[in-house]
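Encoded as structure tokens, the structure appears first; notes follow it.
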Amino acid sequence: MSTTTEHTGAATPAPQPHGDADERRRQREEARLIRTREAAARKDTAAKDGQWASGDRTPLNPNEEFKATGDPLLVRHRIETMYSKWGFWSIPPTDLRGRFRWWGLYTQRRPGIDGGKTAILEPHQLDDEYFMLRVRSDGGQLSVAQAREIGLISSEFGRETADVSDRQNIQLHWIRIEDVPEIFRRTEAVGLGSEEACGDVPRVILASPVAGVSADELIDPTPQIEQIKELYIGSPEFSNLPRKFKTAFTGQPVPDILHEVQDIAFVAVEHPQLGIGYDLWVGGGLSVNPMLGVRLGVFVKPELAHEVWKGVISIFRDHGYRRLRTRARLKFVVKAWGPEKFLKVLQDDYLGYELPPGPAPKQASPGDRGDHVGIHRQKDGRWYVGVAPVAGRISGTKLQRIADIAESVGSDRIRLTPLQKILILDIPEDRVSDVVNGLRALELESEPGEFHRNVIACTGIEYCKLAIVETKATAREVVKVLDQKFPTLDNPITVHVNGCPNSCARVQIADIGFKGQLVLDEETGEQVPGFQVHLGGRLGRGEDNDFGRKIRAHKVTQHGMPEYVERVTQNYLDTREDGEQFADWAFRVDEELIR
């Protein structure tokens, strides 16, 4: 028996016994067909890389999907009008772990979750109800008022956390969503903010921390940085890149901004006919597929720097690989194309003019540290003092005190460095000792021991959801043990500590780099927090640049790390040749001396 629809005459099957079972079977068949169609679609796109320039705008991963629905920067309105009023659990996942990054916000790791769970738990199981917040300070430039305000915000809202990152900014922790609008208001009131401090965007711009004051600099790049910020930061034109884009400028004759590992770097040079300008580098980056940037061999006039920057980042936006996040960096485009093709596309398709050939920058010598720690004379006759917080860790109260010290001697300029150091500029000669002593009272030394001076560390398992091991405390232990053991070390040895296989602390270019992972403890036979070791990384040496040497099957436990550094350092001192730097020694000697 059947019933008939009056309007169409179409027959509709009458209900049958076991209708629920039939319906379930129908739904299962429908789901199977959907999965089949999705698999076919994935197969069809498997050979595609999601390059916009090839006409492929199909979102090929979840990140590209949420970016395609609208400009992620627009999430700020929801933060201020909805989530800050309704609380943490009102935030949907694509905002919480996606778009929030465009305003410098990352969920921080829930306390008590060990490193063995990092790769096992789902994101919501790792999330705490608090955020890390990056405050954007391009070139590491802070006024007294800005440094003081960040310090006050840290004390008021961030449980005194204030870490100097190796991107020349301050990171706060323990930030509640309810407090974010007020933090935005207060940072912006002093000329700062967190717009595009994270996310698939042009990140904070690195610059020489002594821009404008160095007695040796060829050019102050601050006007070029300010022009890029004004024209492009926060613009929808570049708020949806394949992934992050890192920029660096230096006016120093010997580069001090690690230009070889940036997506784009402008390095000051003097052209014999055209005067002072920049040498252009592209395609550097570390992480799990480290690549050194390449010189394009062209000279960029200062007034054209923003156009060249726009051309390079546009290539990344249009030709970057958007299918796999692991390949979504400019370095993969540069590697696939080579420097000649990259330059041709830049000039022909994006600039519309040719850039003249130019000279290469000077190479670093063993005495060129580039960290600006110590007491230094400025070109105007005043002085600056650089100090080294251990692995960049300070506090909100200390940051306020640093601002007070600067203000007390008539300075209004504080700088953060790419090596997690802090400088106070514009100090009158007769007040230098006051600054040095005031900072020393805060345990910020202008003449630190070599390991204190040369250690950097990422955030680590304390707050980071990607981390496997502790980093900041481990770095402090290295400093404590090694500076006592080697108080008169006559050659710098850099130690970089990273909490996971990524390279936020640049482990591949350190003298001794530690990359966090679980390792086997030979005494207990159990998996424990530890590190893979990289030895002898070096930059600033032209064709002699190299990543650190890895030793097959060699790992160091977290607790055994200070003892390992001590053993290798002693071996270096005992067996080095005259004038031999640690990096050269580490590549020359047999493995038993570096195990």
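The values are calculated or read from the model by the stated rules, or taken from the named source; none is laboratory data. It should be emphasised that the depicted structure is a prediction, and the values quoted were computed from it without experimental measurement. Here the Cβ is made from the backbone with ideal geometry for all residues, glycine too, and neighbour counts use every protein chain on show. All accessible areas refer to the heavy atoms of the entire protein, side chains included, with ligands and DNA or RNA removed. Shrake-Rupley method; radii C 1.70, N 1.55, O 1.52, S 1.80 Å.
Residues that are farther than 28 Å from Arg377 by Cα and either out of contact with any strand residue (DSSP E or B) (no Cβ under 8 Å at 6 or more places or on another chain) or outside any loop (DSSP other than H, G, I, E, B) (or both) do not occur anywhere in region 162-169. Entry remark, region 400-417: residues being small (Gly, Ala, Ser) and surrounded by fewer than 19 Cβ atoms within 10 Å (Cβ to Cβ) number 2 in total.
Among the residues of region 127-148, those that are within 15 Å of Gln400 (Cα to Cα) and of a type outside the set (Val, Ile, Thr) comprise Leu142, Ser143, Ala145, Gln146, Ala147, Arg148. For region 355-384, filtered to residues that are over 19 Å from Val409 (Cβ atoms) and touching a strand residue (DSSP E or B) at 6+ places or on another chain (Cβ under 8 Å), the residue that is most open to solvent (accessible area, probe 1.4 Å) is Pro357.
Among the residues in region 353-366, are any modelled with pLDDT of 95 or more, in contact with a helix residue (DSSP H, G or I) (Cβ under 6 Å, 6 or more places away or on another chain) and farther than 30 Å from Thr161 by Cα? Yes - at least one qualifying residue is present in region 353-366.
At least 2 residues being in contact (Cβ under 8 Å) with a residue 60 or more places away in the chain and of a type in the set (D, E, K, R) is the threshold, and among the helices (runs of 4 or more DSSP H) wholly inside region 53-135 those reaching it are 62-68. Taken together, the residues in region 543-570 that are open to solvent by 30 Å² or more (accessible area, probe 1.4 Å) and assigned to a helix (DSSP H, G or I) amount to 6.
In the condition set (1) modelled with pLDDT under 95; (2) open to solvent by 30 Å² or more (accessible area, probe 1.4 Å); (3) not acidic (Asp, Glu), Gly50 is compliant with all but (2).
Residues of region 440-488 that are hydroxyl-bearing (Ser, Thr, Tyr) and in contact (Cβ under 8 Å) with a residue 24 or more places away in the chain: Ser446, Thr459, Tyr463, Thr471, Thr474. Residues in region 238-277 that are over 22 Å from the mean Cα position of the chain (by Cα) and not polar (S, T, N, Q): Pro253, Val254, Ala268, Val269, Glu270, His271, Pro272, Leu274, Gly275, Ile276, Gly277. Only one entry of Thr397, Thr459 meets the criterion of being among the hydroxyl-bearing types (Ser, Thr, Tyr) and either out of contact with any strand residue (DSSP E or B) (no Cβ under 9 Å at 6 or more places or on another chain) or open to solvent by 40 Å² or more (accessible area, probe 1.4 Å) (or both), and that entry is Thr397.
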